[in-house]
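Visitor: Please see the structure below; I have some questions.
The values are calculated or read from the model by the stated rules, or taken from the named source; none is laboratory data. Everything numeric here is computed off the predicted structure, so don't read it as measured data. Cβ sites come from the backbone with ideal geometry, for glycine too, and all protein chains shown count toward neighbours. Just so you know, the surface numbers come from the protein's heavy atoms only, side chains and all, with ligands and any DNA or RNA stripped out. Shrake-Rupley method; radii C 1.70, N 1.55, O 1.52, S 1.80 Å.
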Amino acid sequence: MNRSVIKDLLKSTEYESKVLVKGWVRTKRGNNTVAFVALNDGSIIHNLQIVIDVPSFDAELLRRINTGACIGVKGSLVESKGQGQKVEVIADTVELYGEADPEVYPLQKKGHSFEFLREIAHLRVRTNTFGAVFRIRHAMAFAIHKYFNDMGYFYLHAPIITASDAEGAGEMFRVSTLDPDNLPLTEDKKVDYSKDFFGKATNLTVSGQLEGELAALALGGVYTFGPTFRAENSNTPRHLAEFWMIEPEVAFNDINDNMNLAEDFLKYLINYALENCLDDLEFLNSMVDKELIERLKFVVNNKFIRMSYEGAIEILLASGHKFEFPVSWGLDLQAEHERYLVEKHFKCPVILTDYPREIKAFYMKQNDDKRTVRAMDVLFPRIGEIIGGSQREENFDKLLARIRELGMPEKELWWYLDTRRYGTVTHSGFGLGFERLLLFVTGMANIRDVIPFPRTPKNAEF
Ligand code: 4AD
Ligand code: MG
């Protein structure tokens, strides 16, 4: 007999048919005549009720079936007389695959804090909340590929090991096979990376953008979707050292096309979640964040505000609000400023453009005013920056001048500069932080709770 998944059985009307289900026991209750097991197999947030006629089963077997145990049940699917479910399974046989000793099983009780569950990240996916979060994570990944595939964009696999620093922020994890206790040195006593595996210093990528640009200037529209790494020592609820980023890059798009794409993309993803993950969203709405679904619908149904960085600074200055980081033109906006604009002032997602060049990366298109660049950040309620992007500097001379001005290793970027030497054109792109999107869609408060095994400073246990 083939195993049925609970998601299908809960919708089934094939009453009296024989079924086989396998899953983990969420709860067991009952008395000497009948026992009820709530079984979950991960396919859906809801449990299937298994009804066990206690006298016809081995008492020792039933004693060992506790919360967390894995069992297989053969029986009849019937219409349920009880409340809370439409169908249930009357067990003919029960097979115990794996016990979970109630004396020591960490999830024996319900209602653990998310902080505690982080310490048992290997088990937390067995809880309702994390089951919902990781099913939504999957759905969002799928929707991202679907969106771009339907647009005719190509999925580009950017390298994970690279010799360049795409963001120029220097917050990189070194990749090396050199022996740290016995480093080869050059004559001037620096580490001799020519002896390293790749013959040069390499690191984990902070962004796939530069490679995305190379491909966009050949394939038209591309996107990357992969892990990125930042060795920034930010212990905040919105930063990870290893996170996933989606980076579309599109030839012929200017900053306005880029904003339109970002807004359409985010709305598509949130709408996809509302249409395809409603069971999980309803659970999270009731248990984690009472305004979640309302907020998601609001974002889908309202136009994002668009304004310049300069305009935002004026609003912040006029607000009279006391910020931890004082506001003035040139300030790199912090989450507190971004959230003030989105949550207090506009009460709506905001796209800010034309940031000061000094606080943005070298590749952004320089505006004629010589002090701003054609950057765009999308700011979301509860999150702050969810997307960062820009129109790119396509002019060879201007790009080279900026690289030199910043003292970047111009020789190492020869391949990037080649795109501006040969067949250059207007192009734009952005990066969406996948876990920031998930924070928004799930209503979870801490970014460590939307990635299976978070990597943060001093934490790489699982
Ligand atoms: O703004 P960022 O640094 O932009 C880039 O990396 C560009 N190369 C993107 C592009 O234009 N192709 O990062 C993009 C997004 C941020 O808006 C944020 O959502 C997320 O990536 N992000 C992080 N998410 C989690 N933890 C971190 N440490 C993050 N740093 C950035
Ligand atoms: Mg940014």
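Visitor: Within the range 148-175, count every residue that is open to solvent by 60 Å² or more (accessible area, probe 1.4 Å) and among the charged types (D, E, K, R).
Guide: 3
Visitor: As an exercise: evaluate residue 338 against (1) at pLDDT below 95; (2) under 23 Å from the mean Cα position of the chain (by Cα) and give the number of the one condition it does not meet.
Guide: (1)
Visitor: Considering only helices (runs of 4 or more DSSP H) fully contained in the range 359-462, which possess at least 3 residues that are more than 14 Å from ligand 2 (Cβ to nearest atom) and in contact (Cβ under 8 Å) with a residue 60 or more places away in the chain?
Guide: Because the criterion is at least 3 residues that are more than 14 Å from ligand 2 (Cβ to nearest atom) and in contact (Cβ under 8 Å) with a residue 60 or more places away in the chain, the helices (runs of 4 or more DSSP H) in the range 359-462 that meet it are 414-421, 434-442.
Visitor: For the range 142-171, name all the residues that are in contact (Cβ under 8 Å) with a residue 40 or more places away in the chain, away from ligand 2 (no atom under 16 Å from the Cβ), of a type in the set (A, V, I, L, M, F, W, C) and not in a strand (DSSP E or B).
Guide: 143, 144, 148, 151, 156, 158, 160, 163
Visitor: Hey, another quick one. Does the range 9-36 hold any residues that are under 35 Å from the mean Cα position of the chain (by Cα) and without any contact (Cβ under 8 Å) to a residue 40 or more places away in the chain, and which are they?
Guide: Across the range 9-36, the qualifying residues are 11, 28.
Visitor: So, one more: Answer yes or no as to whether residue 246 is within 16 Å of ligand 2 (Cβ to nearest atom), of a type in the set (Val, Ile, Thr), out of contact with any Asp or Glu (no Cβ under 7 Å at 6 or more places or on another chain) and under 19 Å from residue 437 (Cβ atoms).
Guide: yes
Visitor: What residue, among those in the range 213-232 that are part of a helix (DSSP H, G or I) and out of contact with any strand residue (DSSP E or B) (no Cβ under 7 Å at 6 or more places or on another chain), is nearest to ligand 2 (Cβ to nearest atom)?
Guide: 214
Visitor: For the range 375-386, check the following and say yes or no: at least one residue is crowded, with 16+ Cβ neighbours inside 10 Å and more than 15 Å from ligand 1 (Cβ to nearest atom).
Guide: no
Visitor: Looking at residue 235, is it in a loop (DSSP other than H, G, I, E, B), touching a residue at least 60 places away in the same chain (Cβ under 8 Å), more than 16 Å from ligand 2 (Cβ to nearest atom) and open to solvent by less than 40 Å² (accessible area, probe 1.4 Å)?
Guide: It is false that residue 235 is in a loop (DSSP other than H, G, I, E, B), touching a residue at least 60 places away in the same chain (Cβ under 8 Å), more than 16 Å from ligand 2 (Cβ to nearest atom) and open to solvent by less than 40 Å² (accessible area, probe 1.4 Å).
Visitor: Further question: Scanning the range 63-117 for residues that are within 33 Å of the chain's Cα centre (by Cα) and among the β-branched types (Val, Ile, Thr), which turns out surrounded by the fewest Cβ atoms within 10 Å (Cβ to Cβ)?
Guide: 104
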